[in-house]
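Following: one structure in C-alpha coordinates, then a few remarks.
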Amino acid sequence: MKRFLSLALVALIATGAMAQDKEKKENPNKPVFTVIKENKITSIKDQNRSGTCWDYSTLSYFEAEILKKTGKTYDLCESFVANKTYMDRAIQVVRLHGDCQFSQGGSAYDPLFCLQNYGICPEEAMPFPGSLYGDSLNNFNEFFSLMEPYVDAIARNKAKKISGQWKVGLQGILDAYLGKCPEEFTYEGKKYTPQSFAASLGLNFDDYVTITSYTHHPFYTRFAVEVQDNWRNPLSWNLPMDEMMRVIDNAVKEGYTIAWGGDVSEEGFTRQGLAYAIDTKATESLAGSDMARWLKLTATKKASLLDSLGCKVPEIVPTQEMRQIRYDNWELTDDHGMLIYGIAKDQNGKEYYMVKNSWGESGDYKGIWYMTKTFIAANTMDFMVNKNAIPKDIRKKLGI
(Lines give C-alpha, C1' and ligand atoms only; values in the text may rest on other atoms or scores of the structure.)
Protein backbone atom coordinates (compact mmCIF):
# COMPACT_ATOMS: atom_id res chain seq x y z
CA MET A 1 0.00 0.00 0.00
CA LYS A 2 2.82 2.41 0.95
CA ARG A 3 4.58 1.53 -2.31
CA PHE A 4 1.39 2.28 -4.19
CA LEU A 5 0.99 5.66 -2.47
CA SER A 6 4.62 6.51 -3.16
CA LEU A 7 4.22 5.72 -6.86
CA ALA A 8 1.01 7.73 -6.95
CA LEU A 9 2.80 10.69 -5.32
CA VAL A 10 5.66 10.49 -7.84
CA ALA A 11 3.16 10.37 -10.70
CA LEU A 12 1.30 13.37 -9.28
CA ILE A 13 4.48 15.39 -8.93
CA ALA A 14 5.57 14.42 -12.45
CA THR A 15 2.18 15.40 -13.86
CA GLY A 16 2.33 18.75 -12.08
CA ALA A 17 5.86 19.36 -13.38
CA MET A 18 4.78 18.51 -16.91
CA ALA A 19 1.82 20.89 -16.64
CA GLN A 20 4.11 23.67 -15.39
CA ASP A 21 6.58 22.95 -18.19
CA LYS A 22 3.78 23.05 -20.76
CA GLU A 23 2.59 26.34 -19.30
CA LYS A 24 6.09 27.77 -19.61
CA LYS A 25 6.35 26.64 -23.22
CA GLU A 26 2.94 28.02 -24.21
CA ASN A 27 3.58 30.84 -26.68
CA PRO A 28 1.79 34.01 -25.52
CA ASN A 29 2.03 35.34 -29.08
CA LYS A 30 0.07 32.48 -30.62
CA PRO A 31 -2.93 34.10 -32.31
CA VAL A 32 -6.36 33.66 -30.80
CA PHE A 33 -9.01 34.16 -33.46
CA THR A 34 -12.48 35.67 -33.33
CA VAL A 35 -14.59 35.11 -36.44
CA ILE A 36 -16.01 38.27 -38.03
CA LYS A 37 -17.66 36.63 -41.05
CA GLU A 38 -17.65 32.99 -42.13
CA ASN A 39 -19.35 31.68 -45.27
CA LYS A 40 -20.37 28.08 -45.83
CA ILE A 41 -17.93 25.75 -47.58
CA THR A 42 -17.75 22.05 -48.36
CA SER A 43 -15.42 19.54 -46.70
CA ILE A 44 -11.61 19.69 -46.73
CA LYS A 45 -10.00 17.63 -49.53
CA ASP A 46 -6.44 16.40 -50.06
CA GLN A 47 -4.65 16.84 -53.40
CA ASN A 48 -1.74 14.85 -51.92
CA ARG A 49 1.23 14.44 -54.31
CA SER A 50 -0.32 16.19 -57.29
CA GLY A 51 0.00 19.70 -58.67
CA THR A 52 -3.76 20.14 -58.82
CA CYS A 53 -4.43 22.94 -56.31
CA TRP A 54 -6.02 24.90 -59.19
CA ASP A 55 -8.47 22.01 -59.64
CA TYR A 56 -9.29 21.42 -55.97
CA SER A 57 -9.55 25.09 -54.99
CA THR A 58 -11.74 26.09 -57.94
CA LEU A 59 -14.11 23.13 -57.68
CA SER A 60 -14.32 23.92 -53.98
CA TYR A 61 -15.23 27.46 -55.03
CA PHE A 62 -18.02 26.24 -57.31
CA GLU A 63 -19.24 23.89 -54.58
CA ALA A 64 -19.51 26.93 -52.27
CA GLU A 65 -21.31 28.89 -55.00
CA ILE A 66 -23.85 26.06 -55.37
CA LEU A 67 -24.24 25.86 -51.60
CA LYS A 68 -24.96 29.60 -51.45
CA LYS A 69 -27.43 29.53 -54.35
CA THR A 70 -29.29 26.29 -53.70
CA GLY A 71 -28.38 25.05 -50.22
CA LYS A 72 -27.24 21.74 -51.76
CA THR A 73 -23.88 20.14 -51.00
CA TYR A 74 -21.95 18.54 -53.88
CA ASP A 75 -18.57 16.83 -54.14
CA LEU A 76 -17.49 17.60 -57.70
CA CYS A 77 -14.91 15.38 -59.37
CA GLU A 78 -11.37 16.76 -59.68
CA SER A 79 -10.26 13.76 -61.77
CA PHE A 80 -12.83 14.60 -64.46
CA VAL A 81 -11.47 18.14 -64.76
CA ALA A 82 -7.84 16.95 -64.73
CA ASN A 83 -8.51 14.35 -67.45
CA LYS A 84 -10.08 16.89 -69.80
CA THR A 85 -7.64 19.69 -68.98
CA TYR A 86 -4.43 17.71 -69.45
CA MET A 87 -5.58 16.52 -72.88
CA ASP A 88 -6.39 20.09 -73.92
CA ARG A 89 -3.03 21.32 -72.65
CA ALA A 90 -1.18 18.57 -74.51
CA ILE A 91 -2.99 19.51 -77.72
CA GLN A 92 -1.82 23.11 -77.34
CA VAL A 93 1.78 22.03 -76.68
CA VAL A 94 1.76 19.87 -79.81
CA ARG A 95 0.23 22.65 -81.91
CA LEU A 96 3.03 24.96 -80.79
CA HIS A 97 5.74 22.32 -81.43
CA GLY A 98 6.70 22.30 -77.77
CA ASP A 99 7.21 26.05 -77.43
CA CYS A 100 5.09 26.18 -74.29
CA GLN A 101 4.94 24.29 -71.01
CA PHE A 102 3.19 21.00 -70.28
CA SER A 103 2.89 20.58 -66.53
CA GLN A 104 0.59 19.63 -63.66
CA GLY A 105 -0.40 23.21 -62.90
CA GLY A 106 -3.31 25.27 -64.14
CA SER A 107 -5.51 28.26 -63.33
CA ALA A 108 -8.98 28.83 -61.93
CA TYR A 109 -10.19 29.26 -65.49
CA ASP A 110 -9.49 25.61 -66.36
CA PRO A 111 -12.31 24.12 -64.21
CA LEU A 112 -14.65 26.87 -65.45
CA PHE A 113 -13.76 26.02 -69.05
CA CYS A 114 -14.34 22.35 -68.32
CA LEU A 115 -17.75 22.99 -66.76
CA GLN A 116 -18.79 25.12 -69.72
CA ASN A 117 -17.49 22.85 -72.47
CA TYR A 118 -17.39 19.28 -71.10
CA GLY A 119 -19.62 19.37 -68.02
CA ILE A 120 -18.74 17.65 -64.76
CA CYS A 121 -19.64 14.60 -62.70
CA PRO A 122 -19.79 13.92 -58.94
CA GLU A 123 -16.77 12.37 -57.23
CA GLU A 124 -18.52 8.99 -56.96
CA ALA A 125 -18.90 8.65 -60.74
CA MET A 126 -15.14 8.08 -61.21
CA PRO A 127 -12.52 5.98 -59.36
CA PHE A 128 -11.33 7.44 -56.07
CA PRO A 129 -8.04 9.39 -56.51
CA GLY A 130 -5.03 7.07 -56.45
CA SER A 131 -7.09 3.87 -56.30
CA LEU A 132 -6.28 2.76 -59.86
CA TYR A 133 -2.58 2.40 -59.04
CA GLY A 134 -2.86 1.16 -55.48
CA ASP A 135 -2.57 4.46 -53.61
CA SER A 136 -5.02 6.00 -51.17
CA LEU A 137 -4.74 9.49 -52.70
CA ASN A 138 -3.34 11.18 -55.78
CA ASN A 139 0.33 10.57 -56.53
CA PHE A 140 1.36 12.01 -59.89
CA ASN A 141 5.05 11.07 -59.74
CA GLU A 142 4.75 8.01 -62.00
CA PHE A 143 1.82 9.48 -63.94
CA PHE A 144 3.66 12.60 -65.11
CA SER A 145 6.97 10.79 -65.61
CA LEU A 146 5.07 9.00 -68.39
CA MET A 147 3.07 11.93 -69.76
CA GLU A 148 5.73 14.62 -69.94
CA PRO A 149 8.18 12.75 -72.23
CA TYR A 150 5.24 11.37 -74.26
CA VAL A 151 3.88 14.85 -75.02
CA ASP A 152 7.38 16.23 -75.61
CA ALA A 153 8.19 13.42 -78.07
CA ILE A 154 5.12 14.27 -80.16
CA ALA A 155 5.53 18.02 -79.92
CA ARG A 156 9.17 17.96 -81.05
CA ASN A 157 8.78 15.21 -83.62
CA LYS A 158 10.85 15.75 -86.79
CA ALA A 159 8.16 14.28 -89.04
CA LYS A 160 6.59 16.55 -91.67
CA LYS A 161 3.19 15.24 -90.69
CA ILE A 162 1.91 13.50 -87.54
CA SER A 163 -1.20 11.36 -87.13
CA GLY A 164 -3.91 11.82 -84.54
CA GLN A 165 -3.09 8.50 -82.90
CA TRP A 166 -0.96 10.19 -80.27
CA LYS A 167 -4.20 11.46 -78.71
CA VAL A 168 -5.48 7.89 -78.41
CA GLY A 169 -2.29 6.89 -76.62
CA LEU A 170 -2.35 9.88 -74.30
CA GLN A 171 -6.01 9.32 -73.49
CA GLY A 172 -5.08 5.79 -72.46
CA ILE A 173 -2.54 7.14 -69.97
CA LEU A 174 -5.02 9.69 -68.62
CA ASP A 175 -7.73 7.05 -68.19
CA ALA A 176 -5.31 4.57 -66.60
CA TYR A 177 -4.27 6.99 -63.83
CA LEU A 178 -7.31 9.24 -63.42
CA GLY A 179 -10.14 7.01 -64.59
CA LYS A 180 -12.27 7.25 -67.70
CA CYS A 181 -14.66 10.18 -67.80
CA PRO A 182 -18.21 8.81 -67.86
CA GLU A 183 -20.49 9.59 -70.77
CA GLU A 184 -23.53 8.87 -68.58
CA PHE A 185 -24.07 8.19 -64.88
CA THR A 186 -26.78 8.00 -62.24
CA TYR A 187 -26.81 10.43 -59.34
CA GLU A 188 -29.46 10.34 -56.61
CA GLY A 189 -31.62 8.10 -58.76
CA LYS A 190 -31.49 10.27 -61.89
CA LYS A 191 -29.50 9.75 -65.09
CA TYR A 192 -27.19 12.47 -66.31
CA THR A 193 -24.56 13.21 -68.88
CA PRO A 194 -21.68 15.40 -67.66
CA GLN A 195 -23.22 18.31 -69.59
CA SER A 196 -26.72 17.87 -68.16
CA PHE A 197 -25.29 17.47 -64.65
CA ALA A 198 -23.37 20.75 -64.97
CA ALA A 199 -26.55 22.44 -66.20
CA SER A 200 -28.46 21.13 -63.17
CA LEU A 201 -26.16 22.78 -60.61
CA GLY A 202 -27.89 26.16 -60.79
CA LEU A 203 -24.80 28.15 -61.78
CA ASN A 204 -24.64 30.94 -64.35
CA PHE A 205 -21.16 30.55 -65.82
CA ASP A 206 -21.26 34.10 -67.18
CA ASP A 207 -21.18 35.41 -63.60
CA TYR A 208 -17.52 34.58 -63.05
CA VAL A 209 -14.63 36.98 -63.62
CA THR A 210 -11.00 37.08 -62.56
CA ILE A 211 -9.27 40.04 -60.93
CA THR A 212 -5.60 41.04 -60.78
CA SER A 213 -3.54 44.16 -60.03
CA TYR A 214 -0.45 45.21 -61.99
CA THR A 215 0.81 48.41 -63.57
CA HIS A 216 2.23 47.06 -66.83
CA HIS A 217 -1.33 47.15 -68.25
CA PRO A 218 -3.89 49.96 -67.84
CA PHE A 219 -6.25 49.74 -64.88
CA TYR A 220 -9.92 48.93 -65.58
CA THR A 221 -8.99 46.94 -68.68
CA ARG A 222 -8.53 43.18 -69.14
CA PHE A 223 -5.39 41.24 -69.98
CA ALA A 224 -4.11 37.67 -69.82
CA VAL A 225 -1.84 37.40 -66.77
CA GLU A 226 1.57 36.34 -68.09
CA VAL A 227 2.32 33.19 -66.13
CA GLN A 228 2.92 29.76 -67.61
CA ASP A 229 0.01 27.99 -65.94
CA ASN A 230 -2.40 30.58 -67.35
CA TRP A 231 -1.98 28.68 -70.63
CA ARG A 232 -5.54 29.21 -71.95
CA ASN A 233 -4.88 32.98 -71.72
CA PRO A 234 -8.18 34.02 -70.12
CA LEU A 235 -8.53 37.76 -69.50
CA SER A 236 -8.48 39.24 -65.99
CA TRP A 237 -9.75 42.66 -64.92
CA ASN A 238 -6.88 44.88 -63.76
CA LEU A 239 -7.65 46.93 -60.64
CA PRO A 240 -5.52 49.11 -58.36
CA MET A 241 -4.37 47.12 -55.33
CA ASP A 242 -6.70 48.85 -52.87
CA GLU A 243 -9.72 48.15 -55.08
CA MET A 244 -8.60 44.55 -55.59
CA MET A 245 -8.69 44.16 -51.81
CA ARG A 246 -12.07 45.89 -51.58
CA VAL A 247 -13.46 43.25 -53.93
CA ILE A 248 -12.29 40.44 -51.62
CA ASP A 249 -13.66 42.15 -48.51
CA ASN A 250 -16.99 42.94 -50.11
CA ALA A 251 -17.36 39.43 -51.51
CA VAL A 252 -16.84 37.78 -48.12
CA LYS A 253 -19.15 40.22 -46.34
CA GLU A 254 -21.87 39.62 -48.95
CA GLY A 255 -21.69 35.85 -48.47
CA TYR A 256 -19.42 34.91 -51.41
CA THR A 257 -16.14 33.00 -51.52
CA ILE A 258 -13.07 33.68 -53.69
CA ALA A 259 -10.93 31.24 -55.68
CA TRP A 260 -7.51 32.72 -54.86
CA GLY A 261 -4.23 32.11 -56.68
CA GLY A 262 -0.91 33.43 -55.44
CA ASP A 263 2.46 32.96 -53.82
CA VAL A 264 2.89 30.75 -50.74
CA SER A 265 6.63 30.24 -51.10
CA GLU A 266 7.36 33.14 -48.74
CA GLU A 267 8.87 32.50 -45.28
CA GLY A 268 5.75 33.93 -43.68
CA PHE A 269 3.52 31.15 -45.03
CA THR A 270 3.75 28.38 -42.44
CA ARG A 271 2.76 24.73 -42.49
CA GLN A 272 0.95 25.31 -39.20
CA GLY A 273 -1.83 27.30 -40.86
CA LEU A 274 -0.72 30.94 -40.71
CA ALA A 275 0.52 33.45 -43.28
CA TYR A 276 2.20 36.81 -42.63
CA ALA A 277 3.88 39.21 -45.05
CA ILE A 278 6.99 39.44 -42.88
CA ASP A 279 9.04 42.60 -42.65
CA THR A 280 12.39 40.81 -42.54
CA LYS A 281 14.45 43.80 -41.39
CA ALA A 282 12.14 44.55 -38.47
CA THR A 283 11.97 40.86 -37.58
CA GLU A 284 15.76 40.58 -37.43
CA SER A 285 15.84 43.25 -34.74
CA LEU A 286 13.03 41.67 -32.70
CA ALA A 287 14.65 38.25 -32.96
CA GLY A 288 17.93 39.64 -31.62
CA SER A 289 19.91 39.12 -34.80
CA ASP A 290 21.52 41.25 -37.44
CA MET A 291 21.19 40.67 -41.19
CA ALA A 292 24.36 38.57 -41.41
CA ARG A 293 23.18 36.22 -38.67
CA TRP A 294 19.65 36.07 -40.08
CA LEU A 295 20.87 34.99 -43.51
CA LYS A 296 22.95 32.19 -41.96
CA LEU A 297 20.03 30.71 -40.05
CA THR A 298 18.52 27.48 -41.35
CA ALA A 299 14.91 27.51 -42.53
CA THR A 300 13.94 25.56 -39.39
CA LYS A 301 15.54 28.11 -37.06
CA LYS A 302 14.00 31.01 -38.95
CA ALA A 303 10.60 29.32 -38.66
CA SER A 304 11.15 28.84 -34.93
CA LEU A 305 11.97 32.53 -34.44
CA LEU A 306 8.95 33.58 -36.48
CA ASP A 307 6.70 31.18 -34.58
CA SER A 308 7.87 32.70 -31.28
CA LEU A 309 6.84 36.15 -32.52
CA GLY A 310 3.46 34.80 -33.61
CA CYS A 311 0.82 37.45 -34.16
CA LYS A 312 3.36 40.13 -33.21
CA VAL A 313 5.55 39.45 -36.23
CA PRO A 314 6.19 42.75 -38.06
CA GLU A 315 4.63 42.95 -41.52
CA ILE A 316 5.51 45.01 -44.54
CA VAL A 317 3.25 47.72 -45.93
CA PRO A 318 2.48 46.42 -49.44
CA THR A 319 2.37 48.91 -52.29
CA GLN A 320 1.44 48.79 -55.94
CA GLU A 321 5.07 49.40 -56.88
CA MET A 322 6.25 46.56 -54.65
CA ARG A 323 3.79 44.14 -56.27
CA GLN A 324 5.02 45.07 -59.74
CA ILE A 325 8.72 44.77 -58.87
CA ARG A 326 8.21 41.33 -57.29
CA TYR A 327 6.16 40.16 -60.27
CA ASP A 328 8.74 41.34 -62.81
CA ASN A 329 11.71 39.84 -60.97
CA TRP A 330 9.94 36.44 -60.59
CA GLU A 331 9.69 36.76 -56.81
CA LEU A 332 5.88 36.87 -56.85
CA THR A 333 4.67 33.61 -58.37
CA ASP A 334 1.39 31.73 -58.76
CA ASP A 335 2.42 28.55 -56.98
CA HIS A 336 -0.82 27.72 -55.12
CA GLY A 337 -4.60 28.00 -55.29
CA MET A 338 -6.87 28.17 -52.22
CA LEU A 339 -10.39 29.27 -51.24
CA ILE A 340 -11.00 32.46 -49.23
CA TYR A 341 -14.28 32.13 -47.33
CA GLY A 342 -14.18 34.25 -44.18
CA ILE A 343 -12.62 37.02 -42.10
CA ALA A 344 -11.31 36.74 -38.52
CA LYS A 345 -9.26 38.91 -36.16
CA ASP A 346 -6.63 38.03 -33.57
CA GLN A 347 -6.31 39.23 -29.97
CA ASN A 348 -4.59 42.41 -31.18
CA GLY A 349 -7.35 43.28 -33.66
CA LYS A 350 -5.37 42.34 -36.80
CA GLU A 351 -7.64 40.94 -39.51
CA TYR A 352 -7.01 37.71 -41.43
CA TYR A 353 -8.78 35.89 -44.22
CA MET A 354 -9.98 32.39 -43.42
CA VAL A 355 -8.72 30.20 -46.25
CA LYS A 356 -9.53 26.59 -47.14
CA ASN A 357 -6.51 24.61 -48.33
CA SER A 358 -6.38 21.26 -50.16
CA TRP A 359 -3.69 19.52 -48.09
CA GLY A 360 -6.10 17.47 -46.02
CA GLU A 361 -6.73 18.32 -42.36
CA SER A 362 -3.15 19.49 -41.82
CA GLY A 363 -1.78 22.30 -39.66
CA ASP A 364 -3.06 23.65 -36.37
CA TYR A 365 -6.48 24.46 -37.81
CA LYS A 366 -7.23 21.17 -39.59
CA GLY A 367 -6.85 22.33 -43.20
CA ILE A 368 -7.77 25.99 -42.69
CA TRP A 369 -5.20 28.79 -43.00
CA TYR A 370 -5.42 32.24 -41.43
CA MET A 371 -3.72 34.63 -43.85
CA THR A 372 -3.36 38.31 -42.98
CA LYS A 373 -4.89 40.85 -45.30
CA THR A 374 -1.38 42.22 -45.76
CA PHE A 375 -0.15 38.82 -46.97
CA ILE A 376 -3.01 38.56 -49.48
CA ALA A 377 -2.45 42.11 -50.77
CA ALA A 378 1.26 41.43 -51.28
CA ASN A 379 1.04 37.91 -52.70
CA THR A 380 -2.10 37.71 -54.86
CA MET A 381 -1.53 36.81 -58.50
CA ASP A 382 -5.22 36.78 -59.42
CA PHE A 383 -8.54 35.39 -58.20
CA MET A 384 -11.94 34.33 -59.48
CA VAL A 385 -15.06 35.87 -58.02
CA ASN A 386 -18.75 36.21 -58.81
CA LYS A 387 -19.17 39.57 -60.53
CA ASN A 388 -22.23 40.24 -58.33
CA ALA A 389 -19.87 40.32 -55.33
CA ILE A 390 -17.92 43.29 -56.72
CA PRO A 391 -18.80 46.71 -55.19
CA LYS A 392 -21.15 48.67 -57.44
CA ASP A 393 -18.76 51.59 -58.00
CA ILE A 394 -16.02 49.25 -59.19
CA ARG A 395 -18.42 47.32 -61.44
CA LYS A 396 -19.41 50.65 -62.99
CA LYS A 397 -15.76 51.43 -63.77
CA LEU A 398 -15.41 47.99 -65.42
CA GLY A 399 -18.71 48.21 -67.28
CA ILE A 400 -19.96 44.86 -66.00
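The values are calculated or read from the model by the stated rules, or taken from the named source; none is laboratory data. Keep in mind that this is a model prediction, so the values were computed, not measured. A quick note on method: Cβ atoms are made from the backbone with ideal geometry, for glycine too, and the neighbour counts reach across all protein chains shown. Please note that ligands, DNA and RNA were not included when accessible areas were found on the heavy atoms of the full protein model with its side chains. Shrake-Rupley method; radii C 1.70, N 1.55, O 1.52, S 1.80 Å.
Quick one: what are the phi-derived ³J(HN,Hα) couplings along the stretch 119-127, Karplus 6.51/-1.76/1.60 with θ = phi - 60°, whole Hz, x for glycine and proline?
Going residue by residue, I get x, 6, 9, x, 3, 5, 7, 10, x Hz, with x marking Gly and Pro.
Exposed loop trypsin sites (Lys or Arg not before Pro) only (DSSP loop, at most 13 other Cβ atoms within 10 Å): please give the longest stretch of the chain free of them, not including the sites.
With trypsin sites (Lys or Arg not before Pro) excluded where exposed in loops, the chain gives 162-270 as its longest stretch.
Using only Cα atoms, find the angle between the long axis of helix 140-155 and the longest principal axis of the chain, and express it within 0 to 90 degrees, rounded to the nearest 10.
Between helix and principal axis, roughly 40 degrees.
Return the equivalent ellipsoid semi-axes of the chain as a descending list in whole Å, where each equals the square root of 5 times an eigenvalue of the C-alpha gyration tensor.
In descending order, the three semi-axes are 39, 28, 24 Å.
With a Förster radius of 35 Å, plug the Cβ-Cβ distance of ASP175 and ASP152 into 1/(1 + (r/R0)^6) and report the FRET value to the nearest 0.05.
For ASP175 and ASP152, the calculated efficiency is 0.95.
Too long at a 26 Å Cα-Cα cut-off: which of LYS84/LYS366; LYS68/LYS366; LYS191/LYS253; LYS37/LYS302; LYS40/LYS392?
Correct reply: LYS84/LYS366; LYS191/LYS253; LYS37/LYS302.
Between the helical axis of 53-70 and the dominant principal axis of the chain, each derived from Cα atoms, what acute angle in degrees is found, rounded to the nearest 10?
Computed tilt is about 90 degrees.
Leaving ligands, DNA and RNA out of it, report the carbon-plus-sulfur percent of the accessible area of the stretch 161-288 at a 1.4 Å probe.
Working: 2860 of 5910 Å².
Answer for the stretch 161-288: carbon and sulfur cover 48 percent of the accessible area.
With runs of 4+ DSSP H residues as the only contributors, calculate the mean residue ellipticity of the chain at 222 nm using -39,500 (n - 2.57) per run, divided by the residue total and rounded to the nearest 500. Write out the running numbers ahead of the final one.
Details: 14 runs with 165 residues, N = 400.
That comes out to -12500 deg cm²/dmol.
Contour minus end-to-end for LEU297 and THR221, with contour as 0.36 nm per residue of separation and end-to-end as the Cα-Cα distance?
Values: separation 76, 0.36 × 76 = 27.36 nm, distance 4.39 nm.
Value of the extension gain: 23.0 nm.
Top mean-square fluctuation among THR300, THR70, THR270, Gaussian network model of the chain, C-alpha springs under 10 Å?
Its mean-square fluctuation being the largest, the pick is THR300.
Using the alpha-carbon atoms, what tilt in degrees (0 to 90, nearest 10) does helix 241-253 show relative to the longest principal axis of the chain?
Taking Cα atoms only, the helix is inclined about 80 degrees.
Measuring with a 1.4 Å probe in the full set of protein chains, what accessible area per residue, in whole Å², belongs to the chain?
For the chain, the per-residue accessible area is 49 Å².
Can you tell which of GLU124, GLU188, GLU243 shows the greatest fluctuation in a Gaussian network model of the chain with Cα springs below 10 Å?
Result: GLU188 has the largest fluctuation of those listed.
Whenever you get a sec, compute what percent of the accessible area on the stretch 74-145 sits on carbon and sulfur atoms (1.4 Å probe). Present the calculation step by step, with values, prior to reporting the outcome.
Numbers: 1260 of 2650 Å².
Within the stretch 74-145, the accessible surface is 48 percent carbon and sulfur.
Evaluate the distance, in nm, between pseudo-label points positioned 7 Å from the Cα of SER200 and of GLU321 along their respective Cα→Cβ axes.
5.6
Can you tell me which of LEU239, LEU309, LEU112 moves the most in a GNM of the chain? Springs connect C-alpha atoms under 10 Å apart.
Highest fluctuation among the options: LEU309.
To the nearest 0.05, what FRET efficiency results for SER304 and LYS191 with a Förster distance of 41 Å applied to their C-beta separation?
The value I calculate is 0.15.
Mind jotting down the distance between the C-alpha centroids of the stretch 237-285 and the stretch 169-197, whole Å?
36
Over all directions, the average projected area of the alpha-carbon convex hull for the stretch 169-270 comes to how many nm²?
11.1
Quote the accessible area belonging to ILE368 in square angstrom, nearest 10, computed with a 1.4 Å probe and with ligands, DNA and RNA left uncounted.
20
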